[in-house]
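Have a look at the structure below before the remarks.
The values are calculated or read from the model by the stated rules, or taken from the named source; none is laboratory data. Computed from a predicted structure; not experimentally measured. Backbone-built Cβ (ideal geometry, glycine too); neighbour counts: all protein chains shown. Remember, those area values only see protein heavy atoms, side chains included, never the ligands or the DNA or RNA. Shrake-Rupley method; radii C 1.70, N 1.55, O 1.52, S 1.80 Å.
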Amino acid sequence: MPEKTYDHQTIEVKWSERWAAEPGLYKAKNDGSKPRYYVLEMLPYPSGRLHMGHVRNYSIGDALARYQWMRGYDVLHPMGWDAFGLPAENAAIQNQRHPREWTVSNIAHMKKQLQRMGFGYDWDCEISTCEPEYYRWNQWFFLKMMERGLAYRKKSLVNWCPECATVLANEQVVEGCCWRHDTTPVEQRELEQWVLRTTAYAQELLDDIGQLEAGWPERVLTMQRNWIGRSEGTECDFTLEGTGQKIRVFTTRVDTIFGATSVILAPEHPLSKQLCEGELAARLKAMVDDQGRKDPEHMEKEGFFTGHSAINPYSGERSPVWVGNFVLMGYGTGAIMAVPAHDQRDFEFCRKYGIPVRPVIRPVDGALAEEATMQEAFVEYGIAEVCGPWSGLTTEEAQQGMNACAQKEGFGKAAITYRLKDWGVSRQRYWGTPIPVVHCPKCGVVAVPEKDLPVVLPLDIEITGRGRSPLANVDSFLHTSCPACGRDAQRETDTMDTFVDSSWYFFRYVDPGNGRAAFDPAVVKPWFPVDQYIGGVTHAILHLLYSRFWCKVMRDLGLVEIDEPFRNLFTQGMVQLEGQTMSKSKGNIVDPDEMVERFGADTCRLFTLFAAPPEKDMDWDESSAEGQFRFLGRLYRFVTRNVDSTEGSGATDTRALRKLHQSIRKVTQDFESRWHFNTSIAALMELLNVLCQVEGGLSPAVRKEVSEKLVLMLGPLAPFTAQDLWEQMGRTGQVFQQPWPAFDEALAKEEGAEVVIQVNGKLRSRMIVPFGTDNATVEQRALADDKVRVFIDGKQVIKVIVVPDRIANIVVKG
Ligand SMILES: [Zn+2]
Ligand SMILES: [Zn+2]
């Protein structure tokens, strides 16, 4: 058969139509006949268009799924939509389109894009989190958490735009101002919010990281550990002078408490409000508002004296009480003792405001610092000095003794605190899951009975972006009767954070049509934990932590038996343009549709897999995409012209087969280890190069064999091209349903060094010699080579330059 041109458009359109016409093509058998493998990619937000980051994420996942199918696994490979969220509401405000209509049409478009890319998903599992069939189970879980005290109400601060008179999400706060009013600073307001008690699982979330060490990236585990932020220390009470109120502080270094020279409250601490009157009240409000706008960890440390003092429980000394913007309400107790001599942050704050610095701990082998000479805090452990009865003890001894004293005297205790906060899930938004509770004037907060779920999100609304939560303006939704006493009551108008939707969707994929439960535990069990989860490192903390929390809650509800939902996690790097993140505002977006049109989906997939190891960031590079396109074209022509060729002596069979088996070994190892598909693709390119070089000497049988195995290896990476060639070769069935080619270690073994023979610097032949063959033997064999003889016969050989195991260059004259 003469070679065929690589017509990527015709090939890809043909196959995406054929595949779409075969429902159930990528369906898991789920009958236990084969070992199961669950490949999960983070579900997209239906923004309207796929971006290159999606293409990369899903190309990695699809390559893995196809490889595992070929390895004989029963693969579950689902896809769905994280369909609630703010952009739909913003679009509603800006374009007068209903969020639902906007979302549904975006999903339809993006689904087409995914199919055009050739990703092998089982669309029977598809879920969309904005459908009542899905979000009713968010509500059900919420009720279960309420029953267990894991969902509760708490006053918390929210971002408030006075111009819109509405609550803003953090994403709607742009450099401290409202996203719609860029000169209106955002304020902080206190609202009753629904909160999930993630801290009830803090220690377990920390401990179970141990179960993930083999399968998760270390940097993600470190980020999770830091986010949970366990510290051991002491809680103890300073006593406010005048009122006798207790100010409970948390410290990890109680041994330094004799060096405490002030008490500092978080701006949101209830006492701050009480102690600040008149001008101070205004300063406090400004500080609270400011804190909502900035990242507290990176802001300039500021504070002011409240005019009040408190008594140190250990030393009996009076300490001034300050308010400081660097003290976090969510950490410890929201109040600290400042020990500037032994804490660098306190040191900077106290130096700035002239608060005394008093050293009380000395180095084990040194003297106590002089205050006047201190340039920075001494934060190491050491020996306590001037610490009353604990003087002379080591840090550890003093801590133990002081904890015991606090316990005995009743003013404190040893304590553990976590940086992790409970999860605020209330959103004053429309496009989310309604929180299933009712507010009754008589009974208070009443849960909606399970039988009345779902609380359906009404569709007849107007979204203006101003004033109260949109649901509060829908009378038919708002007014209801109390499930407990039957009186007139009002529904909760807050909706849930969309991170709720994404905390358990991967369980629903396995049993998506279940109308009686979130899922059937027996159906879900054999697929969990997920064998491989793949997504961006931007979700390394929140989404993954919430999913881990949700799994533990489900385990305690008796729905699953596992502690952790994901056995292995892979975080891919970003796709950038010239080192910059692609974004609409920068106008540097590379549109996948356009690239598919020009180069084809297979080229896009190969490019994203080839450009860098998948965990690293990569740059979109058009010339490299062109390189992938040319590679596919060469490969296509090679296979088509060799399909039924009857030519060839077989002289080069050994070399071709050796390279083939080396390539299979390499690609298999890449799939089985770190997915460095960039080296897999490089190996396939090298293989094709060698095959083209030796093509003339191949026997018909070897032509067939190398072509077939090359196509099979290409299958997971460029499925359209591979499938089309499979058909050209007269084969039936799907490439991903064929067994993965095995490699033969003996055939792959390099027999010896391949020495290139040059005549006057030009490549004329090659030969294999045993490794380490001496120069004289190499020279002799080079001169005897048949192909070389043609170029040297009748000429004078001046010398032969040998590079051991690599080159023999024959220099001739005449
Ligand atoms: Zn505004
Ligand atoms: Zn009632």
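With an 8 Å cut-off on Cα pairs and a minimum separation of 6 or more residues, tell me the relative contact order of segment 560-620 in percent. Spell out each step's value before the answer.
On the way: 46 pairs, mean separation 28.9, N = 61.
For segment 560-620, the relative contact order is 47 percent.
Got a sec? Which residues in segment 1-40 would a label at Glu133 touch, if it sits 7 Å along Cα→Cβ and we count backbone N under 19 Å?
Counting backbone N atoms under 19 Å from the label point, the list is 23-28.
What fraction of the DSSP beta bridges in the chain is antiparallel, stated in percent and rounded to the nearest 5?
Working: 75 of 96 bridges.
Percentage antiparallel, nearest 5: 80.
Strictly over 25 Å apart at the Cα level, which of Lys704/Lys762; Lys29/Lys111; Lys787/Lys813 would you flag in this model?
Numbers: Lys704/Lys762 32 Å; Lys29/Lys111 23 Å; Lys787/Lys813 18 Å.
Too far apart for the 25 Å limit: Lys704/Lys762.
If you find the alpha carbon centre of segment 624-689 and of segment 734-757, how far apart are they in angstrom?
Each part reduced to its Cα centre gives a spacing of 10 Å.
Residues of the chain: accessible area per residue at 1.4 Å, in Å²?
Working: 34780 Å² over 814 residues.
Result: 43 Å² per residue.
Can you tell me the length gained on complete extension of the stretch Thr654 to Arg148, counting 0.36 nm per residue apart and subtracting the Cα distance?
Details: separation 506, 0.36 × 506 = 182.16 nm, distance 6.93 nm.
Value of the extension gain: 175.2 nm.
With charges only on Cβ, +1 for K and R and -1 for D and E, what is the dipole size of segment 549-683 about its Cα centre, in debye, rounded to 20? Show your work: numbers first, answer last.
Numbers: 18 positive and 21 negative charges, 113 e Å.
My answer is approximately 540 debye.
Just in segment 339-402: which chymotrypsin sites (Phe, Trp or Tyr not before Pro) are loop by DSSP and have at most 16 other Cβ atoms within 10 Å?
Values: sites: Phe347, Phe349, Tyr353, Phe378, Tyr381, Trp390; in loops: Phe378, Tyr381.
Here the chymotrypsin sites (Phe, Trp or Tyr not before Pro) that fit, given the DSSP loop and packing criteria, are Tyr381.
Each label point is 7 Å from the Cα along the Cα-to-Cβ direction; what then is the distance between the points at Glu396 and Lys442, in nm?
Result: 6.3 nm between the two label points.
In segment 475-532, what is the volume of the convex hull around the alpha carbon atoms, normalised per residue and reported in Å³? If you can, show how the numbers build up before the last one.
Details: hull volume 7.8 nm³, N = 58.
Expressed per residue, the convex hull around the Cα atoms of segment 475-532 is 134 Å³.
For segment 79-205, how big is the tail of P(r) above 26 Å, as a whole percent of Cα pairs? Spell out each step's value before the answer.
Details: 3744 of 8001 pairs.
Counting every Cα pair in segment 79-205, those more than 26 Å apart make up 47 percent.
Assuming 0.36 nm per residue, please report the length gained on full extension of the stretch Ala367 to Asn226 beyond their Cα-Cα distance.
Details: separation 141, 0.36 × 141 = 50.76 nm, distance 3.39 nm.
Here the segment from Ala367 to Asn226 would lengthen by 47.4 nm.
Rounded to the nearest percent, how much of the accessible area of the chain (1.4 Å probe, protein heavy atoms only) is carbon and sulfur? Write out the running numbers ahead of the final one.
Numbers: 17260 of 34780 Å².
The value for the chain is 50 percent carbon and sulfur by accessible area.
So for the pair Ala214, Ala281, with labels modelled 7 Å out along Cα→Cβ, what separation do we get in nm?
Result: 6.2 nm between the two label points.
Using 15 Å as the cut-off for backbone N distance, which residues of segment 535-565 belong to the label zone defined by a point 7 Å from the Cα of Trp140 along Cα→Cβ?
554-555, 557-560
What does the charge add up to near Phe677, with Lys and Arg as +1, Asp and Glu as -1, over the other residues with Cβ less than 13 Å from its Cβ?
Every neighbour counted, the sum reads +2.
For Glu462 and Ser105, what does the FRET efficiency come to when R0 = 25 Å and r is the distance between their Cβ atoms, rounded to the nearest 0.05?
Values: r = 20 Å, r/R0 = 0.79.
Given R0 = 25 Å and the Cβ-Cβ separation, E is 0.80.
Between Lys584 and Gln96, what is the FRET efficiency for a Förster distance of 25 Å, r being their Cβ-Cβ separation, to the nearest 0.05? Walk me through the numbers on the way to the answer.
Numbers: r = 20 Å, r/R0 = 0.81.
Efficiency at R0 = 25 Å is approximately 0.80.
Would you mind getting me the FRET efficiency between Gln796 and Phe771? Use the beta-carbon distance for r and R0 = 25 Å, nearest 0.05. Display every interim value, and only then the final one.
Details: r = 32 Å, r/R0 = 1.26.
E between Gln796 and Phe771, to the nearest 0.05, is 0.20.
Of the listed peptides 447-458, 138-149, what is their order by residue-averaged count of other C-beta atoms within 10 Å, with the highest listed first? Don't jump to the answer; show the numbers that get you there.
On the way: 447-458: 15.5, 138-149: 18.5.
Result, highest mean first: 138-149, 447-458.
Highest mean first, how do 428-440, 309-321 rank when packing is the count of other Cβ atoms within 10 Å averaged over residues?
On the way: 428-440: 23.8, 309-321: 18.2.
Descending mean neighbour count gives 428-440, 309-321.
Treating each Cα of segment 383-461 as an identical point scatterer and ignoring solvent, apply the Debye formula and state log10 I(q)/I(0) at q = 0.18, 0.23 Å⁻¹.
Once normalised to I(0) and log-transformed, intensities are -0.90, -1.13.
Hey, what's the Kirkwood Rh for segment 566-707 if you take every pair of different alpha carbons, in angstrom? Could the numbers behind the result be given before it?
On the way: mean 1/r = 0.0587 Å⁻¹.
Every distinct Cα pair counted, the radius reaches 17.0 Å.
Given C-alpha coordinates of segment 492-562, what is the ratio Rg to Rh with the Kirkwood estimate of Rh? Could the numbers behind the result be given before it?
Working: Rg = 13.0 Å, Rh = 13.3 Å.
My calculation puts Rg/Rh at 0.98.
Out of the trypsin sites (Lys or Arg not before Pro) in segment 37-142, which ones are loop residues according to DSSP with at most 14 other C-beta atoms within 10 Å?
On the way: sites: Arg49, Arg56, Arg66, Arg71, Arg97, Arg100, Lys111, Lys112, Arg116, Arg136; in loops: Arg49, Arg71, Arg97.
Those that pass, being in a loop and sparsely packed, are Arg49.
If you keep only loop residues by DSSP, which chymotrypsin sites (Phe, Trp or Tyr not before Pro) in segment 691-799 have at most 12 other Cβ atoms within 10 Å of their Cβ? Before the final figure, lay out the partial values.
Values: sites: Phe720, Trp726, Phe736, Phe743, Phe771, Phe791; in loops: Phe743, Phe771.
Sparse-neighbourhood loop chymotrypsin sites (Phe, Trp or Tyr not before Pro): Phe771.
If you build the convex hull over the alpha carbons only and average its shadow over all orientations, what do you get for segment 695-790? Give it in nm² to one decimal. Working shown, then result.
On the way: hull surface 35.9 nm².
Computing the convex hull of the Cα atoms and averaging its projections yields 9.0 nm².
Excluding Gly316 itself, calculate the net charge of residues whose Cβ lies under 14 Å from the Cβ of Gly316, where each Lys or Arg counts +1 and each Asp or Glu counts -1. All intermediate terms of the calculation are to be shown ahead of the outcome.
Working: positive: Arg318; negative: Asp237, Glu241, Glu317, Glu409.
Around Gly316, the surrounding residues sum to -3.
From the P(r) of segment 548-598, can you give the percent of Cα pairs sitting at distances over 16 Å?
On the way: 821 of 1275 pairs.
Summing the P(r) of segment 548-598 above 16 Å gives 64 percent of all pairs.
Give the value in nm², to one decimal: projected area of the alpha carbon convex hull of segment 148-229, averaged over all directions. Show your work: numbers first, answer last.
On the way: hull surface 30.6 nm².
Mean shadow area of the hull around the Cα atoms is 7.7 nm².
Can you give the net charge of the other residues whose Cβ lies under 15 Å from the Cβ of Lys155, counting K and R as +1 and D and E as -1? Before the final figure, lay out each step's value.
Values: positive: Arg153, Lys154, Arg189, Lys273, Lys421; negative: Glu190, Glu192, Glu268, Asp422, Asp494.
Local charge sum for Lys155: 0.
Take every DSSP beta bridge whose two residues both sit in segment 459-588, then give the antiparallel share in percent to the nearest 5. Please report the intermediate quantities before stating the final value.
Details: 5 of 10 bridges.
Percentage antiparallel, nearest 5: 50.
If you split all Cα-Cα distances of segment 234-388 into 10 Å bins from zero, what percentages do you get per bin, shortest first?
Going from the shortest bin to the longest, the percentages are 11, 42, 34, 12, 1, 0.
Hey, how many Å between the Cα centroid of segment 314-335 and the Cα centroid of segment 143-221?
Centre-to-centre (Cα) distance: 24 Å.
Normalise the Debye intensity by I(0) for the chain, one equal point scatterer per Cα, no solvent, then take log10 at q = 0.09, 0.11 Å⁻¹ and round to two decimals.
Log10 of I(q)/I(0), two decimals: -1.00, -1.25.
Once both labels are modelled 7 Å past Cα along the beta-carbon direction, what's the Lys27-Ala746 spacing in nm?
That separation, rounded to one decimal, is 4.4 nm.
Pairs of Cα atoms under 8 Å, at least six residues apart: use those to get the relative contact order of segment 430-541, whole percent. Kindly include the intermediate steps, with their values, before the conclusion.
Details: 124 pairs, mean separation 28.5, N = 112.
Rounded, it is 25 percent for segment 430-541.
Is any residue of segment 512-534 close enough, with backbone N under 16 Å, to a label point placed 7 angstrom from the Cα of Glu561 along the Cα-Cβ axis, and if so, which?
Of the residues in segment 512-534, 520-530 have backbone N under 16 Å from the label point off Glu561.
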